[in-house]
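Just below is one structure, and these are the notes that go with it.
The values are calculated or read from the model by the stated rules, or taken from the named source; none is laboratory data. The shown structure was predicted, so the numbers you read here are calculated from the model rather than taken from an experiment. So basically every Cβ, Gly included, is an ideal-geometry build from the backbone, and we count neighbours across all protein chains shown.
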Amino acid sequence: MKIVIIGAGEVGYHLAEKLSHEKHDLTLIDSDLEKCNRVREALDVSVLHGNATSQQVLKEARLQSADMLISASGIDEVNLLACMVASKLGVKKKIARVRNPDYYGPASILTARDLGVDLFIHPEEEVIEEITRLLMRSAATEMVEFEEGKILVVGLKLDINCSYLNRQLKEIGSEEERKNFRIVAILRVEKTIIPTGDDYIYKNDQIFVMTKAESLQRVLSIYGKADQRLERIMILGGGKIGRGVARKLEEKKLDVILVESNREKSVQIASELKKTMVVQADGLEIDALAREGMLNMDAFIATTSDDENNIISCSTCKDKRISILFGIYRNKLCISS
């Protein structure tokens, strides 16, 4: 498949990396020469240095003969304009990364069809939903929903609390219980195992269990994971992700403290969030965070735009025995528990 990707940032780069492994014919466009050179050095894809709003640049990328356009730059308007051009050129599938909900929300004047977009993606909203979902099921390291949440695939890290360690899968639970869940994969060190009933589970295995939503609590109990609800959450960073998570957690009636270093921004956030305590402080000033109750938190979420700050603050919290940690690193959600 011939695919044109706009944007060589973290999203575009990782998309190109994955799609190139699948042997697709890829062309990547970016106006930043340094980013283009990074892709040229690391990936086996065609790279075009230029402005994706230029019709001439899009023609040079042979967009007219592409099967798909993935417009993933950091600017909504660039992504949408490229999709509109692609639509006029007859490209079958157009995907746009869009941050502003005015473009894709139900109140938008222009529809996706008007904008030439077949699918909107908004990574920040996905991260907000993922963090909220995992906080609500604190025993899980990952969770994917199917059929509007009726079916779940849950990731669990096994520890000494699991009474079925060193036993075969066919011995886990009762015969009736095994009808309601199934281990579909085991991650052991760096090896992924698609198991049968004769396989064993061991301490530190990462297992992925498919189950019905109503059976989740029993599954967690079987594997020694109490379905405990977190109550006290601290969020570092008042950007879109931090504010979005705080807003979601407010709806869940959790106690939330949001820490933002910028004074003006913290005042603005405090006016937007009605039940969240907003604190103006530097995320690396551990004493200041401790005074605001960091040591009493059930979970800590670092969502600043500075990867190093996120890593350092999460590492400090881990030393303080905070149970659940989330950090944003290179636009990826990293989890530790």
Q: Find the strands (runs of 3 or more DSSP E) located wholly in the range 181-233 whose residues include 2 or more that are among the aliphatic types (A, V, I, L, M), and list them.
A: 181-188, 206-212
Q. Taking the stated definitions as given, is VAL259 surrounded by 15 or more Cβ atoms within 10 Å (Cβ to Cβ), among the hydrophobic types (A, V, I, L, M, F, W, C) and not in a loop (DSSP other than H, G, I, E, B)?
A. yes
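This table checks each residue for (1) in contact (Cβ under 8 Å) with a residue 24 or more places away in the chain; (2) within 18 Å of LYS248 (Cα to Cα); (3) in the same structural domain as GLY237 (by TED's automatic domain parsing); (4) out of contact with any helix residue (DSSP H, G or I) (no Cβ under 6 Å at 6 or more places or on another chain).
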site: VAL259; (1), (2), (3), (4): yes, yes, yes, yes
site: ARG263; (1), (2), (3), (4): no, no, yes, yes
site: LEU273; (1), (2), (3), (4): yes, yes, yes, no
site: GLU285; (1), (2), (3), (4): no, no, yes, yes
site: ARG291; (1), (2), (3), (4): no, no, yes, yes
site: SER305; (1), (2), (3), (4): yes, no, yes, yes
site: ASN309; (1), (2), (3), (4): yes, no, yes, yes
Q) Do any residues in the range 153-170 that are without any contact (Cβ under 8 Å) to a residue 60 or more places away in the chain have Cβ atoms under 9 Å from those of residues that are part of a helix (DSSP H, G or I) and surrounded by 13 or more Cβ atoms within 10 Å (Cβ to Cβ), where the two are at least six apart or on different chains, and which pairs are they? A) TYR164/ILE222; LEU169/ARG178; LYS170/ARG178
Q) Can you name every residue in the range 54-84 that is within 14 Å of LYS2 (Cβ to Cβ), in a helix (DSSP H, G or I) and touching a residue at least 60 places away in the same chain (Cβ under 8 Å)? A) SER65
Q) How many of the residues making up the range 15-52 are assigned to a loop (DSSP other than H, G, I, E, B) and either in contact with a Phe, Trp or Tyr (Cβ under 6 Å, 6 or more places away or on another chain) or more than 13 Å from ILE5 (Cα to Cα) (or both)? A) 5
Q) Any residue in the range 48-64 that is of a type in the set (Ser, Thr, Tyr) and at pLDDT 95 or above? A) no
